[in-house]
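Engineer: Please find one structure pasted underneath; my questions will follow.
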Amino acid sequence: MSLQEYFNLIIVPILGISVILVFIRFIKGPSLADRVIALDMLILISICIIAVYSIVYHQSTFLDIAMLFALIAFLSTTAYAFYLEKRERK
Amino acid sequence: MKSLIFRTASTYLLPLMLLFSIFILLRGHYLPGGGFVGGLMAAIAFLIHSFAFGLKETKEIIKINPGYLMPIGLVLAVGSGMVPLFVNDPFLTGLWFEEPFRFIGMVGSALFFDIGVYLVVIGATLTIMFSITESV
């Protein structure tokens, strides 16, 4: 099995199934914190998909997009935590 | 936020992310990047600092009101577009220096346009986010 087949037949389906599972948690999520973590997880999986894509198509510039995406995900998670903490204090 | 890990990390993240935003700004002419993404990165760097230390300390670092960055950037962008008019070229024609500069590469009027966009994006994003943070 070549590296290309390994990515297309094993890695991408695993990532796709995990996107669906995390999205179910995002819709069901009893509390707001569950939804925030599910959103963070969705962005992390999409970073993995970008990494796989950049390896398969030999485009190293896509990794910068993944890095930017990770930074924005970190910012959004901290922002949600910040506002949740502020709301609870009131 | 009262988290020691987050505070320590944010002091190191601020200069690193500003450096990376300038790298993206300079690379933007031939490869992915440019003024908009670089400005967004710089704004995110200041935002993470403001979440860790509070709005007051971040405003002391920036020194000037971020709202003033928007007109400065717009004037820079329009001015770089006006420069070709003096040598009888159409508006927004790209003019380039003959020799590449060290570390920066080729410098032309497009770079100054991008710097203008960079300043406008920083100003707009920080103004929006600071006013949201103050009102919560």
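Only the coordinates and a few stated rules stand behind these numbers; no lab work does. Here the structure is a predicted model, which is why all the values come from computation and not from measurement. Every residue, glycine as well, gets a Cβ built from its backbone with ideal geometry; the counts of neighbours run over all protein chains shown.
Engineer: Remind me, relative contact order of chain A in percent, using alpha carbon pairs under 8 angstrom and six or more residues apart?
Structural biologist: This gives 25 percent for chain A.
Engineer: Another question about this same structure. Could you grab the Rg to Rh ratio for chain A? Cα atoms only, Kirkwood for Rh.
Structural biologist: 1.09
Engineer: Let me ask you something else. From the mean inverse distance of alpha carbon pairs (Kirkwood) and the Cα radius of gyration, derive Rg over Rh for the protein assembly as shown.
Structural biologist: Radius of gyration over Kirkwood radius for the protein assembly as shown works out to 1.04.
Engineer: Among the lysines, select those whose C-alpha is under 19 Å from the C-alpha of B:LYS56, and discard any that sit fewer than 8 residues away in the same chain.
Structural biologist: Straight-line reach from B:LYS56, under 19 Å: A:LYS86, B:LYS2.
Engineer: So, one more: Compare the Cα positions of B:LEU119, A:VAL56, B:HIS49 along the charge dipole of the protein assembly as shown (+1 at Cβ of Lys, Arg; -1 at Cβ of Asp, Glu; about the Cα centre) and return the one farthest towards the positive end.
Structural biologist: B:HIS49
Engineer: How big is the charge dipole of chain B about its Cα centre, in debye rounded to the nearest 20, if each Lys and Arg gets +1 on its Cβ and each Asp and Glu gets -1 on its Cβ?
Structural biologist: Roughly 520 debye for chain B.
Engineer: If you fit an axis through the alpha-carbon atoms of helix A:32-56 and take the longest principal axis of the Cα set of chain A, what angle between them do you get, 0 to 90°, nearest 10?
Structural biologist: Roughly 20 degrees between the two axes.
Engineer: Okay, moving on. Rank these for me by crowding, A:ARG89, A:ARG25, going from fewest to most other beta carbons within 10 Å.
Structural biologist: Fewest-to-most Cβ neighbours within 10 Å comes out as A:ARG89, A:ARG25.
Engineer: Starting from the eigenvalues of the Cα gyration tensor, five times each then square-rooted, give me the equivalent ellipsoid semi-axes of chain B, largest first, whole Å.
Structural biologist: For chain B, the semi-axes come out at 33, 17, 10 Å.
Engineer: In addition: Peptide B:38-48: average number of partner chain Cβ atoms within 10 Å per residue?
Structural biologist: Shielding by partners across B:38-48 averages 2.
Engineer: Shifting gears a bit: Using Cβ contacts closer than 10 Å as the measure, can you line up A:ILE27, A:ILE10, A:ILE50 from fewest to most?
Structural biologist: A:ILE27, A:ILE10, A:ILE50
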